[in-house]
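First up is the structure itself, then whatever we jot down about it.
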Amino acid sequence: EDQVTQSPEALRLQEGESSSLNCSYTVSGLRGLFWYRQDPGKGPEFLFTLYSAGEEKEKERLKATLTKKESFLHITAPKPEDSATYLCAVQAGGGSQGNLIFGKGTKLSVKP
Amino acid sequence: NAGVMQNPRHLVRRRGQEARLRCSPMKGHSHVYWYRQLPEEGLKFMVYLQKENIIDESGMPKERFSAEFPKEGPSILRIQQVVRGDSAAYFCASSPPTIPYEQYFGPGTRLTVT
């Protein structure tokens with residue numbers, strides 16, 4: 001069964017304290033891996049798409065990387081405004097191109 | 001460029017009533033997806049539609065739930081005879097025809113069944 005697991009469930013950081021969020025996946029043929037940010041009471045905001053192992057994408061303080069088994073979202077020198085839930089999703093080869101499988105997310109809190 | 005629009009943002013229904021949730025995709029997007037997010041759960045895929053076509057409804061409950069995306073107007077997710085377990089946030093997403101994997105989400109409709 002296709003599955004996405006994110007860890008940790010929650011992460012508390014001090015402002016400026018860099019860290020990484022993990023997304024491990026088990027799918028029958030990966031078409032793409034996606035990172036989203038979700039603020040309370042809002043819809044997920046698209047961040048990155050990764051298609052193949054070794055690929056990296058960057059946006060401001062965020063950097064996403066992909067291996068054959070997992071993806072990492074690295075946060076460098078985070079600020080309080082980076083506090084949110086970060087969601088990982090995959091599009092598996094066996095499903096329709098619209099069917100994204102989401103993890104439960106990592107809730108990030110950055111204290112000033 | 002306006003994003004994905006959903007209305008209403010909040011909907012309260014009594015058990016047994018019908019709920020209708022609307023979604024207008026981003027301009028230029030012809031693919032629409034519906035997801036449900038239960039408390040403490042991840043987003044779960046429900047249905048994938050293109051204009052006048054249901055492409056994948058593998059995540060839709062077999063009874064009481066239906067979805068459409070007519071030639072004109074918004075996509076509609078309809079839940080008949082709602083029960084308390086239907087209380088959740090329902091998100092709509094859209095994507096451009098050339099990059100169907102990159103889905104952009106709306107703000108969601110929070111359904112409460114009393």
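For the protein assembly as shown, the fraction of C-alpha pairs more than 31 angstrom apart is 21%. Note on exposure: B:His29, A:His74 ranked by accessible area (1.4 Å probe, complete protein assembly) read A:His74, B:His29, with the most exposed listed first. What the Cα atoms of chain B give is an Rg and a Dmax of 13.3, 42 Å. Computed with a 1.4 Å probe over protein heavy atoms only, the accessible surface of chain B comes to 51 Å² per residue. Comparing Cα centroids, region B:1-74 and region B:79-114 end up 5 angstrom apart. Chain A and chain B together bury an accessible surface of about 1800 square angstrom, both sides counted, with a 1.4 Å probe and no ligands or nucleic acids included. Check chain A and count each lysine pair with an alpha-carbon distance under 23 angstrom, considering only pairs eight or more places apart or from different chains. Taking chain A as the scope, the lysine pair count is 27.
Give me the percent of accessible area attributable to carbon and sulfur for chain A, probe 1.4 angstrom. Roughly 46 percent, rounded to a whole number.
Only lysine pairs 8 or more places apart, or on different chains, with alpha-carbon atoms under 21 angstrom apart are counted in chain B, and they number 4. The calculated Kirkwood hydrodynamic radius for region A:1-65 is 13.7 Å, given to one decimal from all distinct C-alpha pairs. Summarising the overall dimensions of chain A from its C-alpha atoms, the Rg and Dmax are 13.5, 44 angstrom. In terms of accessible area, using a 1.4 Å probe and ignoring ligands and nucleic acids, B:Glu68, B:Glu40, A:Glu70 rank largest first as B:Glu40, B:Glu68, A:Glu70. Surface composition of chain B: carbon and sulfur make up 47 percent of the accessible area, probe 1.4 Å. Neighbours of A:Ala64, meaning other residues whose beta-carbon lies under 9 angstrom from its beta-carbon, give a summed charge of 0 when Lys and Arg score +1 and Asp and Glu score -1.
Shown for region B:40-78: residues covered by the partner protein chains by 30 Å² or more of accessible area relative to the chain by itself (probe radius 1.4 Å), namely B:Gly42, B:Leu43, B:Phe45, B:Tyr48, B:Asp56.
Gain in length, B:Glu102 to B:Arg64, computed as 0.36 nm per residue apart minus the alpha-carbon separation, to one decimal in nm?
Additional length available on full extension: 10.8 nm.
The values are calculated or read from the model by the stated rules, or taken from the named source; none is laboratory data. Not measured: the values here are computed from a predicted model. Neighbour counts run over all protein chains shown; Cβ positions are idealised from the backbone, glycine included. Calculation scope for accessible area: heavy atoms of the full protein, side chains included, ligands and nucleic acids excluded. Shrake-Rupley method; radii C 1.70, N 1.55, O 1.52, S 1.80 Å.
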